[in-house]
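Here is the structure we will look at.
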Amino acid sequence: MAAHVLPHDRVGNGDHAVLVVHGWFGDRTSFAPVRAHLNRSAHSYVFVDLRGYGEAVDVAGENTVGEAADDLLATADSLGLERFSLVGHSMGGMIAQHVLLKAPDRVRRLVGISPVPASGVPFDEQTWELFAGAAERPQNRRAIIDSTSGNRLPDTWLDAMTRRSVEHTDTRAFRRILDSWSGTDIHQEVEGNPTPVLVCAGAHDKSLTPEVMKATWLQWYPNAELEVYADAGHYAPDEVPLALVARIEAFLAS
């Protein structure tokens, strides 16, 4: 299937372009808490909706991370972005690595926010049933969000996150891309890649923990650095938006 130019917002008019890729549970609106605090004169942020999400909810596709990477490159081409950095949250971190493999000379820097490692995510049987059932069962989505944020955040936030996920995703696409981001292993292809990488992890994340980041991302990318947020779980854009923006923009400018 041909690459597709994704629906997007462009925030800022700076010379340093940054493609921002959402995670499994949310479309581009999941970055709303950080948008007001971005440096718009230094950077030009492009927030996209992947196929099956947000404004692309009805766009058919294979719903794989490789397809998403092709779509991101097509979107960059449509905007005339020859070189750019990438920010990917959770599943978006895996997709960003596929972009890096497909177009290594175009990627300046890569930021992962609680990002899926290049090896994918192995699940035990019980956890797999929880995740695989999340497409059809909103209660599964809520349980996953609660667990990965450390079972410590308000019910109103959990309810809003779950509702947004259900309303902004296509059930079939949501289920299909789970197989791809969890079951894809490209760590041998990325190992030793010299691209500067920043990994942002939350101390309360029970899934993609700081220890997982150290054992994967920091082992495979020689120019990777890790930032751990003591007051965050899996959703740093919601939990620590100001600290996250400050750290990412310092990294992009270095």
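Can you give the accessible area of Val5, probe radius 1.4 Å, in Å² rounded to 10?
Approximately 70 Å² of Val5 is accessible to the 1.4 Å probe.
How far apart, in nm, are two points set 7 Å out from the Cα along the Cα-to-Cβ line at Val5 and at Val228?
Going by the 7 Å Cα→Cβ label model, 4.4 nm.
What range in the chain is the longest one free of trypsin sites (Lys or Arg not before Pro) that are in a loop by DSSP and have at most 16 other Cβ atoms within 10 angstrom?
84-151
Taking only C-alpha pairs under 8 Å that are 6+ residues apart, what is the relative contact order of segment 13-108 in percent?
Result for segment 13-108 is 36 percent.
State the percentage of accessible surface on the chain attributable to carbon and sulfur atoms; use a 1.4 Å probe and exclude ligands, DNA and RNA.
Within the chain, the accessible surface is 48 percent carbon and sulfur.
Please figure out what share of the DSSP beta bridges in the chain is antiparallel and state it in percent, rounded to the nearest 5.
Looking only at bridges with both residues in the chain, the antiparallel portion is about 15 percent.
Let me know the charge dipole size of segment 105-181 about its Cα centre in debye, to the nearest 20, where only the beta-carbon of Lys, Arg (+1) and Asp, Glu (-1) is charged.
Here the size comes out at about 400 debye.
Sticking with the crude label model, points 7 Å out along Cα→Cβ, report the distance from Trp157 to Asn39 in nm, one decimal please.
So the two model labels end up 2.7 nm from each other.
What does a probe at Ala74 reach in segment 1-41, counting residues whose amide N is under 12 Å from the point 7 Å along Cα→Cβ?
1-7
For Val21, enumerate residues with amide H under 5 Å from its amide H, sequence gap 5+ or separate chain, H modeled in the peptide plane.
Correct list: Val87, Gly88, His89.
Enumerate the residues in segment 174-197 having an amide nitrogen under 13 Å from the point lying 7 Å beyond the Cα of Leu101 toward its Cβ.
180-193
Starting from the Cα gyration tensor of the chain, take the square roots of the eigenvalues, sort them a ≥ b ≥ c, and report rounded, prolate or oblate (rounded when a/c is under 1.5, otherwise prolate if a/b is larger than b/c, else oblate).
Note, shape of the chain comes out rounded.
Accessible area of Leu244, 1.4 Å probe, to the nearest 10 Å²?
Roughly 0 Å² of Leu244 is accessible to a 1.4 Å probe.
Tell me which of Gly88, Val48, Ala69 sits at the most positive position along the dipole axis of segment 44-113, charges placed on C-beta atoms (Lys, Arg +1; Asp, Glu -1).
Result: Gly88, furthest along the dipole toward the positive end.
What are the principal axis extents of the Cα atoms in segment 118-243, in Å, biggest first?
Result for segment 118-243: principal-axis Cα extents of 40, 32, 25 Å.
Give the percent of DSSP beta bridges with both residues in segment 1-84 that are antiparallel, rounded to the nearest 5.
If we restrict to bridges inside segment 1-84, about 45 percent are antiparallel.
Mind checking the full-extension length gain between Asp58 and Lys206? Use 0.36 nm per residue of separation minus the Cα-Cα distance, one decimal, nm.
50.0 nm
Dipole magnitude of the chain about its Cα centre, charges +1 at Lys/Arg Cβ and -1 at Asp/Glu Cβ only, in debye to the nearest 20?
Its charge dipole is roughly 420 debye.
Computed FRET efficiency, Cβ-Cβ of Glu191 and Thr171, R0 45 Å: what is it to the nearest 0.05?
With a Förster radius of 45 Å, E is 0.80.
The values are calculated or read from the model by the stated rules, or taken from the named source; none is laboratory data. It should be emphasised that the depicted structure is a prediction, and the values quoted were computed from it without experimental measurement. All Cβ positions, glycine included, derive from the backbone under ideal geometry; neighbour counts span all protein chains shown. All accessible areas refer to the heavy atoms of the entire protein, side chains included, with ligands and DNA or RNA removed. Shrake-Rupley method; radii C 1.70, N 1.55, O 1.52, S 1.80 Å.
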